[in-house]
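Heads up: the structure comes next, in structure tokens.
Please treat every number below as a calculation from the coordinates, not as lab data. Being a predicted model, the structure only gives us computed values, none of them experimental. Reconstructed Cβ throughout: ideal geometry from the backbone, glycine too, with neighbour counts over all protein chains shown.
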Amino acid sequence: MKAIVLEAFGGPENLVYRLNSKPRVEPGMILVKVMAASVNPLDYKLRRDGAWAGIELPVILGSDVSGIVEEVGPGCTRFGKGDEVFYTAAIDKHRMGTYAEYHLVHESLAVTKPSSLSFIEAASLPLAGCTAWQALFDRGRLHLGETILIHAGAGGVGSLAIQMAKAAGARVLATCRKANRDLVSNLGADAVIDYRVEDVTRAVRSVIGSEALDVVFDTVGGTTIANSLSILKPGGRILSIAASDSVLGTAYRKNIDLHLIYLCRSRQLMEHLTTLLANGTLHPVIDSVLPLDRVGEAHKRLEAGGVRGKVVLEVAKS
Ligand SMILES: NC(=O)c1ccc[n+]([C@@H]2O[C@H](COP(=O)([O-])OP(=O)(O)OC[C@H]3O[C@@H](n4cnc5c(N)ncnc54)[C@H](OP(=O)(O)O)[C@@H]3O)[C@@H](O)[C@H]2O)c1
């Protein structure tokens, strides 16, 4: 099968097109013909140096798939050949991710692709959508009437988190660059703050007045947690999927609930997404579509910032 293989950690030029052997089905696993695969920041972080995640080379990167079941392994009960599925999977012991024509996955992680979605749309959702759900609801307990600030509202995770938070009945403030203001507003944000020119704390204050935020969702890292503390109410919650340093002193004194979230993949999370898709609450946000062999460009696009939703790789034409 054709695959994009990383043979040495480093720049996007290290992602090379290779002919690899097709994975063999194993008990409990399904072999999926990949139609589309999306690109996540995790991919370029692993490409630069995946040693922190225990990645051994050579490896095929990529976590998100939409595709068609080609073969089912012994013991599989949920899918048959020809079923359309989508899912997110961690890179396994075979070091085979989703930048390839075929992908092997435990059937418990996959769900049926809604027929209303194209393969491209479906591939854009799993990792970012499951992360947004897990952060907002499983860990963050976001509920009706609360006010949340979502940092990076135009990003892959932020663009889905805005839609989910609005559907839950929250008041949503979101940050993004000026060029993405319309997108973020159309996704449902009640107030949009240009983090590049505005003082975010002051801008939030001007929206919420003397109130304070119930929840902050940090998808940026760096000093975001520290900078959000003064506008968070005592006992409020911070959800971070990108925390990179500890600025915890003030959080401690304000009794903040700080949730550091690392996605735990599951079918249940995927089922939450399919419910939101079925009831029209969630819509994919696609920045751009590139063929598999231009994955290096996709990495550069993400690393440069300014994306509007997800960059998706088209692996096969439907
Ligand atoms: N822990 C987990 O399980 C998990 C899961 C998924 C993702 N993540 C991490 O979460 C982060 C975001 O992921 P993603 O998929 O949403 O990334 P993405 O699609 O690349 O979006 C990131 C966006 O961040 C915005 N941004 C950059 N600096 C900012 C700042 N100072 N303030 C506000 N916005 C800023 C940019 O938006 P503008 O274009 O508007 O400037 C950029 O497009 C990545 O670090 C990723 O690795 C972690």
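Relative contact order for the stretch 128-260 using alpha-carbon pairs under 8 Å, separation at least 6, rounded to a whole percent? Could the numbers behind the result be given before it?
On the way: 266 pairs, mean separation 29.5, N = 133.
For the stretch 128-260, the relative contact order is 22 percent.
Considering only DSSP beta bridges where both residues belong to the chain, give the percentage that are antiparallel (nearest 5). Intermediate values should be presented prior to the final figure.
Details: 29 of 55 bridges.
Among the beta bridges of the chain, antiparallel pairing accounts for roughly 55 percent.
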- prompt: Excluding same-chain residues fewer than 8 positions from LYS233, which aspartates and glutamates have a Cα within less than 15 Å of its Cα?
  reply: GLU146, GLU211, ASP214, ASP257
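Among 113-121, 18-26, 185-193, what's the highest-first ranking by average C-beta atoms within 10 angstrom per residue? The partial results should precede the final answer.
Working: 113-121: 17.8, 18-26: 13.7, 185-193: 19.8.
Averaged packing, sorted descending, gives the order 185-193, 113-121, 18-26.
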- request: Quick one: compute the contact order of the stretch 1-133, relative version, from alpha carbon pairs under 8 angstrom and 6+ residues apart, as a percent.
  value: 30
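Of the listed pairs LYS22/LYS317; LYS81/LYS317; LYS33/LYS300, which have alpha-carbon separations greater than 21 Å here?
Numbers: LYS22/LYS317 19 Å; LYS81/LYS317 18 Å; LYS33/LYS300 26 Å.
Distance filter (> 21 Å) returns LYS33/LYS300.
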- line: In terms of the charge dipole of the chain, which places +1 on Lys and Arg and -1 on Asp and Glu at the beta carbon, the residue among GLN134, GLY221, ALA251 farthest towards the positive end is ALA251
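Quick check on the chain: helices-only [θ] at 222 nm, where DSSP H runs of length 4 and up contribute -39,500 (n - 2.57) each and the sum goes over total residues. Nearest 500, please.
Details: 10 runs with 81 residues, N = 318.
When only DSSP H runs of four or more count, the value is -7000 deg cm²/dmol.
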- request: Could you go through the stretch 95-109 in sequence order and give the Karplus-derived ³J(HN,Hα) for each residue, using 6.51 cos²θ - 1.76 cosθ + 1.60 with θ = phi - 60°, rounded to whole Hz, and x for Gly and Pro?
  value: 6, 10, x, 9, 7, 7, 6, 9, 9, 9, 9, 5, 5, 5, 8
statement: Which residues qualify? For GLY222, with a placed amide H closer than 5 Å and at least 5 residues away or on another chain, they are SER244, ASP245
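Within 10 Å, count the other beta carbons around each residue, average over each peptide in 29-37, 197-205, 147-155, 41-49, and list them highest first. If you can, show how the numbers build up before the last one.
Values: 29-37: 25.0, 197-205: 15.3, 147-155: 27.3, 41-49: 18.7.
Descending mean neighbour count gives 147-155, 29-37, 41-49, 197-205.
Taking neighbour counts of Cβ atoms within 10 Å as a proxy for exposure, in what order, fewest first, do SER318, SER228, SER38 appear?
Values: SER318 12, SER228 25, SER38 31.
Ascending Cβ contact count within 10 Å gives the list SER318, SER228, SER38.
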task: Work out the FRET efficiency for ALA316 and GLU26 from their Cβ-Cβ distance, taking R0 = 25 Å, and round it to the nearest 0.05.
output: 0.60
Net charge of neighbours whose Cβ lies under 11 Å from the Cβ of LYS22, counting Lys and Arg as +1 and Asp and Glu as -1: 0
message: Could you give the length gained by full extension between VAL16 and SER185, i.e. 0.36 nm per residue of separation minus their alpha carbon distance, to one decimal place?
response: 57.0 nm
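Quick one: putting +1 on the C-beta of Lys and Arg, -1 on the C-beta of Asp and Glu, what dipole do you get for the chain around its Cα centre, in Debye to the nearest 20? Display every interim value, and only then the final one.
Values: 35 positive and 33 negative charges, 56 e Å.
Charge dipole, the chain, about its Cα centre: 260 debye, nearest 20.
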Packing rank of 277-288, 211-222, where each peptide gets the mean count of other beta carbons within 10 Å, highest leading: 211-222, 277-288
field: Dipole magnitude of the stretch 128-260 about its Cα centre (Cβ charges: Lys, Arg +1; Asp, Glu -1), debye to nearest 20
entry: 100
query: What is the chain's relative contact order, in percent, from Cα pairs under 8 angstrom and six or more apart in sequence?
result: 20
message: Could you give each residue of the stretch 82-88 its phi-based ³J(HN,Hα) in whole Hz, using Karplus coefficients 6.51, -1.76, 1.60 with θ = phi - 60°, and x for Gly or Pro?
response: x, 5, 9, 10, 8, 5, 10
message: Against the empirical 2.2 N^0.38 Å scaling, what ratio does the C-alpha Rg of the stretch 128-260 come to?
response: 0.93
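Could I get the Rg over Rh figure for the chain? Both from C-alpha atoms, Rh via Kirkwood, rounded to two places.
Working: Rg = 19.7 Å, Rh = 20.0 Å.
Radius of gyration relative to Kirkwood radius: 0.98.
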- prompt: Which is farthest toward the positive dipole end of the chain among VAL25, LEU239, LEU160, measuring Cα position about the Cα centre, with Cβ charges +1 (Lys, Arg) and -1 (Asp, Glu)?
  reply: LEU239
